[in-house]
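Following: one structure in structure tokens, then a few remarks.
Values quoted throughout were computed directly from the atomic coordinates according to the rules given, and no laboratory measurement underlies them. Being a predicted model, the structure only gives us computed values, none of them experimental.
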Amino acid sequence: MGVAASSLESLQRWRLAYRLPALLIHLVLLPLALLAYLPGIRRLPSHGSTMRSRIHRWWVRRLLRICGVELVITGQLPAGACLVVANHVSWLDILILHTERPVWLVAKAEIAGWPLIGQLAHIAGTLFIHRGDADSRLKVQRKMTALMRHGDTVGVFPEAGIPGPPRVGRFHARLFGSAIRARVPVVPLGIRYRDATSGNDAHEIAVFGPGTNFVQNCLRILSYPSLRAEVLISEPLSHLEQGRDALARQSRQVIENFYVA
């Protein structure tokens with residue numbers, strides 16, 4: 001038993017030994033990637049997309065691969081503006097929402113202070129919201145509406161936190177109102193994590209649960225053999241006249257059906 005545990009620790013150290021330097025090198029390339037955001041460059045066409053979108057997708061997907069995360073996506077985002085709503089398991093979810101196109105992500109204000117992720121979130125254009133602060137919520141809602149009216153994509157985690165146990169929590173409906181005001185569809189997006197080799201559920205590896213800080217969770221993921229992030233991009237919900245509560249319930253049901261399958 002002791003030999004097996006020692007061998008496991010050696011493998012974990014070995015994975016960290018090559019993944020951490022690869023991660024640092026990739027971060028060094030970030031300023032070069034940001035050149036694609038400059039006016040006059042970001043809207044240049046590139047293989048059916050824009051230069052900004054193409055570089056953005058490459059950088060985020062490469063970061064996931066360095067972390068040992070294999071990405072499997074079913075479905076695609078609709079053309080044009082939309083509100084993407086996803087269940088929340090891990091900080092990896094933030095990266096996953098950026099794998100298809102640049103997204104204005106709404107996140108709790110505490111994330112701004114996280115090492116690495118906080119800085120990346122700022123650069124990516126995250127809208128930070130202070131929980132329990134009505135003024136902060138209204139300000140973010142107005143910004144969300146303006147962005148989507150301008151043609152941008154906004155992403156939210158309507159559970160307002162990570163449930164902890166492997167389940168989909170209650171979806172809070174307030175932020176759905178921005179999609180109604182902007183007259184854009186709501187796109188449910190389900191995320192679940194499995195072991196990339198066995199296919200077994202890997203929720204406990206990926207989850208950023210109570211009692212775990214960001215650094216601990218990051219090291220656990222970096223030292224794990226390989227995760228598979230399975231993502232379902234559902235058909236857009238475009239019947240906005242139903243109201244935000246109905247849209248929240250439908251979105252949660254779609255994601256729950258995928259998550260527990």
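Some points to look at:
- Debye equation applied to the C-alpha atoms of region 2-259, log10 I(q)/I(0) at 0.11 Å⁻¹: -0.61
- The stretch between W58 and R15, if pulled fully straight at 0.36 nm per residue, gains 13.2 nm over its current Cα-Cα span.
- Karplus-derived HN-Hα couplings along region 23-31 (A = 6.51, B = -1.76, C = 1.60, θ = phi - 60°), whole Hz, x at Gly and Pro: 5, 5, 4, 5, 5, 5, 7, 4, x
- For the pair R149 and I41 in one chain, pulling the backbone fully straight at 0.36 nm per residue adds 36.6 nm over the alpha carbon distance.
- For region 2-259, the share of DSSP beta bridges that are antiparallel, to the nearest 5, is 35%.
- Theoretical gain in end-to-end length, H130 to A160 [0.36 nm per residue, Cα-Cα removed]: 9.7 nm
- Contact order relative to length of the chain, as percent, for alpha carbon pairs under 8 angstrom and 6 or more apart: 25 percent
- Dividing the summed helix terms, -39500 (n - 2.57) for each DSSP H run of n ≥ 4, by the number of residues in the chain produces a 222 nm estimate of -13000 deg cm²/dmol to the nearest 500.
- ³J(HN,Hα) computed for each position of region 241-246 - Karplus, 6.51 cos²θ - 1.76 cosθ + 1.60, integer Hz, glycine/proline x: 5, 5, x, 5, 5, 5
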